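**Student:** This is the structure I want to talk about, given as structure tokens.
Derivation of every value follows stated rules applied to the coordinates shown; laboratory data play no part. What you are looking at is a predicted structure, and each value in this text was computed from that prediction instead of being measured. Neighbour counts run over all protein chains shown; Cβ positions are idealised from the backbone, glycine included.
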Amino acid sequence: MNSTARAQLNEHMRRLADGDRSAFEPVYASLWAPVRAFCSRALTGLDGEDAAQQALLKMFSRASSFDPSGDALTWALSFAAWECRTVRRRRVRARIGDVDANGAVDARVDGNPTPEAAVIEAELEAAALEVLGALSEADRATLMTTMCDEVPSDVGAATFRKRRERAMTRLREAWRKVYGS
Amino acid sequence: MEADVDVAKEGARRAYERGRVRDALVGILPIAVIIVLAGFVDRTWTPVIFAGPPLLVVTAVLLWRGRHFGRAVLPGVAAGVVPFVAMQIARATGHACAGSACYSVCVPACVIGGSLAGVLLAQMAKRSTAPLTSWGAGGVVAALTGALGCACVGTFGVLGLLVGLLVGSAPLVLLQSRGRVQR
């Protein structure tokens, strides 16, 4: 939005705050696109559009309290930012609720993981790969053998147990180094 | 898609109107306090019962409507306080006697207070870009506020107030608005 359009928006917003209903259309037309773009960037998919609508509802409901010396776009975006924050908090709360109820991030009713669950799983996977990458080739091979529940034929069972313990210790250290306790 | 946008816009418009109604209701709270105070000061509740509710309704509508109507509320109430105070002074004074005849000064107090209120309203209207609208809206509010005091002497008190308001403000406002039209 260029400075002329912004000045015009401020003027329309001042008139709307004063009670001039004819300024509603231009204010709505000027604010819808930037507020929707802001919310879509801050959130994803339909949530962005819904948050933009909610933000504009709240903004228009408080239109009379607009400070005439203020900037209308900044004012509208502050409502949008607040709405996006609310949606994010709601998402986080829902995620925590899923974990509490089932002990793990839950899947959707139709069996597909929720976008949030998918993101968390991907993050965990990346974290595990990052930590495994910090280990030596021998440690990685030992751990893979352990996960497959096999005992290699070229070493004795006692030797393998000692190797496995050392590899696990190093894995724990590497994990702690990257992600803390 | 376009229908969704229209629905969203209508929702925003309704939210705007709801916000204005809420602000108008908040705006009339101080006026409600003034009305109750007037009842206690007057020690008679009849004027409050007759003039109070219309004053609340009118100010709520003016504040909701906004623009010149909304801006006229505060000066209107301020101007209306003048005849109210004049009436209280007159009641405290009692009556004026000329020879053997004594007269109540309440009705003259309403006329004089109304005239002063009219001058105040005219000054407010002079500064407005829509003098007649501001004067009309402010005049109704001032008349109802003043009636809280003047109604206790009956219809003549209210009539005196209205005459005073018209005499005090009409010439100035009419001259002002004619001057604007000629310019």
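**Student:** Residue by residue through region A:19-36, what is 3J(HN,Hα) from phi via Karplus (6.51 cos²θ - 1.76 cosθ + 1.60, θ = phi - 60°)? Round to whole Hz and write x for glycine and proline.
**Tutor:** Per-residue couplings from phi come out as x, 7, 5, 5, 7, 4, 4, x, 5, 5, 4, 6, 8, 4, 4, x, 5, 5 Hz.
**Student:** Apply the Karplus curve 6.51 cos²θ - 1.76 cosθ + 1.60, θ = phi - 60°, to the phi angles in region A:156-165 and return the couplings in whole Hz, x for Gly and Pro.
**Tutor:** x, 5, 5, 4, 4, 4, 5, 4, 5, 4
**Student:** Also: So what is the relative contact order of chain B, in percent, for Cα pairs below 8 Å that sit 6 or more residues apart?
**Tutor:** That works out to 25 percent.
**Student:** Now a separate question. Calculate, in whole percent, how much of the Cα-Cα pair population of region B:103-183 lies beyond 17 Å.
**Tutor:** 42
**Student:** With viscosity set to 1.306 mPa s at 10 °C, what whole-number translational diffusion coefficient in µm²/s follows for region B:30-133 from Stokes-Einstein and a Kirkwood radius over Cα pairs?
**Tutor:** 104
**Student:** Here's a follow-up. State, to one decimal in nm², a quarter of the convex hull surface area for the C-alpha atoms of region A:3-106, i.e. the direction-averaged projected area.
**Tutor:** About 7.2 nm², averaged over all directions.
**Student:** In 5 Å bins starting at zero, report the fraction of Cα pairs in region B:2-177 per bin as a rounded %.
**Tutor:** Reading the bins upward from 0: 1, 9, 16, 17, 16, 13, 9, 6, 4, 3, 2, 1, 1, 0, 0, 0, 0.
**Student:** Looking at chain B, do any whole DSSP H helices span at least 24 angstrom along their long axis by alpha carbon and average -0.5 or above on Kyte-Doolittle, and which?
**Tutor:** Once both thresholds are applied, what remains is B:46-65, B:73-93, B:106-127, B:131-150, B:155-182.
**Student:** Provide B:T145, B:T133 in ascending order of the number of other Cβ atoms located within 10 Å of each residue's Cβ, fewest first.
**Tutor:** B:T133, B:T145
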